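K.L.:
This is the structure, below, for whatever I ask next.
The values are calculated or read from the model by the stated rules, or taken from the named source; none is laboratory data. All values reported here derive from a predicted model rather than from experimental measurement. All Cβ positions, even for glycine, are placed from backbone atoms using ideal geometry, and neighbour counts span all protein chains on display.
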């Protein structure tokens with residue numbers, strides 16, 4: 001049998017005086033504890049509720065540099081992506097396939113347009129006819145100019161002859177060989193000859209101007225027809241659709257050997273030497289965007305510097321489209337519609353009071369924040385300035401070193417003071 005310890009136990013009798021001493025000591029210890037904890041207890045009792053610190057996130061207000069930026073996902077697009085159209089109705093013969101690499105000036109498609117070729121032949125025939133009319137007008141002008149010149153020369157000779165006759169009659173009259181009437185007739189004949197000479201001279205000048213105008217009109221009509229023919233030749237040459245850039249065939253809009261109308265889309269060509277990143281920026285940030293702002297592009301473990309090159313003037317679904325151009329040489333191994341991350345720097349300042357961005361900005365609208373002092377989160381009015389991806393500018397209400405609750409304040413229910421428990 002195993003013996004128990006009953007033989008070893010002994011009841012100790014406590015004397016009445018010693019019991020009172022133990023109770024007095026306990027009471028003194030309790031008073032000491034209450035006195036020590038009274039300030040903190042009062043501090044804790046001043047809070048309307050208590051929230052565990054594990055459900056909150058904290059940040060410290062700091063003074064330093066502030067970068068106001070926008071983060072957005074973008075996709076690679078070609079800065080130059082021309083779409084080629086038909087200039088005349090006809091049947092299309094495609095010479096390339098989607099994805100083919102092409103060179104500038106390479107024939108991508110051929111359009112068979114009998115109507116355009118027939119128009120060109122007709123206009124060329126009309127041009128030849130106008131060339132004949134123009135040359136005939138020049139020949140006729142030379143003939144008429146010669147006839148007028150001959151008439152003028154004859155009139156000049158008649159005037160000289162009449163003048164000589166008048167002078168002879170006048171001398172003979174003075175010598176008494178002729179009568180006065182003969183001298184008068186000779187003088188009348190001289191005046192008629194001079195009048196005929198003046199008219200011949202005037203006709204030569206006026207008709208010469210008229211002939212020049214006629215020739216010029218024929219020449220202008222001929223030149224106008226030549227321009228029409230040149231334009232048709234250009235249109236016929238454009239039936240061979242050529243690539244305007246070095247790049248890659250994008251999308252084909254017609255089937256091979258299809259009949260198309262005028263101005264129908266044929267295909268697109270992507271210039272892979274000039275790539276940009278298109279991003280969608282929320283409307284609230286769009287007013288701060290400007291062309292030329294620096295940007296940082298990231299993707300595939302690489303980073304590139306960029307610059308805002310274009311901003312859409314319209315808002316679609318609460319967003320504004322913007323394009324970011326790569327600085328320097330084009331990155332390698334990028335493809336159309338590839339996804340990249342873009343960070344656009346709106347502003348950069350030094351010696352600014354900032355705190356980490358959190359849900360408190362959206363929940364309070366930036367009007368107040370909870371500042372933690374001795375385990376109590378106190379609701380404090382603030383005024384914020386610019387916001388970035390990870391920081392908020394503090395204009396009023398906080399100072400450097402303040403500890404702020406940046407996340408989880410929805411658990412406070414708008415209370416003025418909240419105790420933070422461990």
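K.L.:
Residue under question is residue 253, and the condition is that it be surrounded by 15 or more Cβ atoms within 10 Å (Cβ to Cβ) and outside the structural domain of residue 88 (by TED's automatic domain parsing); does it hold? Full working, then the answer.
P.N.:
Details: surrounded by 15 or more Cβ atoms within 10 Å (Cβ to Cβ): yes; outside the structural domain of residue 88 (by TED's automatic domain parsing): no.
When the stated conditions are applied, residue 253 does not pass them.
K.L.:
Scan the range 269-309 residue by residue and report those that are modelled with pLDDT of 90 or more and under 30 Å from residue 88 (Cβ atoms).
P.N.:
269
K.L.:
When you scan the range 127-145, do you find a residue that is closer than 30 Å to residue 240 by Cβ and free of Cβ contacts under 8 Å to residues at least 40 places away in the same chain, even just one?
P.N.:
Filtering the range 127-145 down to residues closer than 30 Å to residue 240 by Cβ leaves 127-131.
Restricting the remaining residues to those that are free of Cβ contacts under 8 Å to residues at least 40 places away in the same chain gives 128-129.
Yes, the range 127-145 contains a residue that is closer than 30 Å to residue 240 by Cβ and free of Cβ contacts under 8 Å to residues at least 40 places away in the same chain.
K.L.:
If only one of 361, 345 is in contact with a strand residue (DSSP E or B) (Cβ under 9 Å, 6 or more places away or on another chain) and either crowded, with 16+ Cβ neighbours inside 10 Å or at pLDDT below 80 (or both), which one is it?
P.N.:
Working: 345 fails: either crowded, with 16+ Cβ neighbours inside 10 Å or at pLDDT below 80 (or both).
Within the list 361, 345, the selection yields 361.
K.L.:
Considering only the range 383-393, how many residues are more than 24 Å from residue 55 (Cβ to Cβ) and either modelled with pLDDT of 85 or more or over 42 Å from the mean Cα position of the chain (by Cα) (or both)?
P.N.:
Number of matching residues: 2.
K.L.:
Those residues that are within 15 Å of residue 408 (Cα to Cα) and either at pLDDT 85 or above or over 46 Å from the mean Cα position of the chain (by Cα) (or both), I need them from the range 364-382; list them, please.
P.N.:
Those that are within 15 Å of residue 408 (Cα to Cα) and either at pLDDT 85 or above or over 46 Å from the mean Cα position of the chain (by Cα) (or both): 368, 369, 370, 371, 372, 376, 377, 378, 379.
K.L.:
Another question, then. Only one of (1) surrounded by fewer than 16 Cβ atoms within 10 Å (Cβ to Cβ); (2) farther than 30 Å from residue 273 by Cβ; (3) within 33 Å of the chain's Cα centre (by Cα) fails for residue 336. Which number is that?
P.N.:
(2)
K.L.:
Is it the case, given these coordinates, that residue 396 is at pLDDT 80 or above, over 16 Å from residue 53 (Cα atoms) and either in contact with a helix residue (DSSP H, G or I) (Cβ under 9 Å, 6 or more places away or on another chain) or not assigned by TED's automatic domain parsing to the domain that holds residue 309 (or both)? Talk me through it step by step, then tell me what you get.
P.N.:
Working: at pLDDT 80 or above: yes; over 16 Å from residue 53 (Cα atoms): yes; either in contact with a helix residue (DSSP H, G or I) (Cβ under 9 Å, 6 or more places away or on another chain) or not assigned by TED's automatic domain parsing to the domain that holds residue 309 (or both): yes.
Criteria met by residue 396.
K.L.:
Identify, by number, the condition in (1) assigned by TED's automatic domain parsing to the domain that holds residue 123; (2) under 30 Å from residue 314 (Cβ atoms) that residue 280 doesn't meet.
P.N.:
(1)
K.L.:
Just to be sure, is residue 396 touching a strand residue (DSSP E or B) at 6+ places or on another chain (Cβ under 6 Å) and free of Cβ contacts under 8 Å to residues at least 60 places away in the same chain?
P.N.:
Answer is yes for this residue.
K.L.:
Going by what's in this entry, would residue 229 be described as farther than 19 Å from residue 86 by Cα and at pLDDT 90 or above? Walk me through it before giving the result.
P.N.:
Working: farther than 19 Å from residue 86 by Cα: yes; at pLDDT 90 or above: yes.
Here the answer is yes, as residue 229 does meet what is asked.
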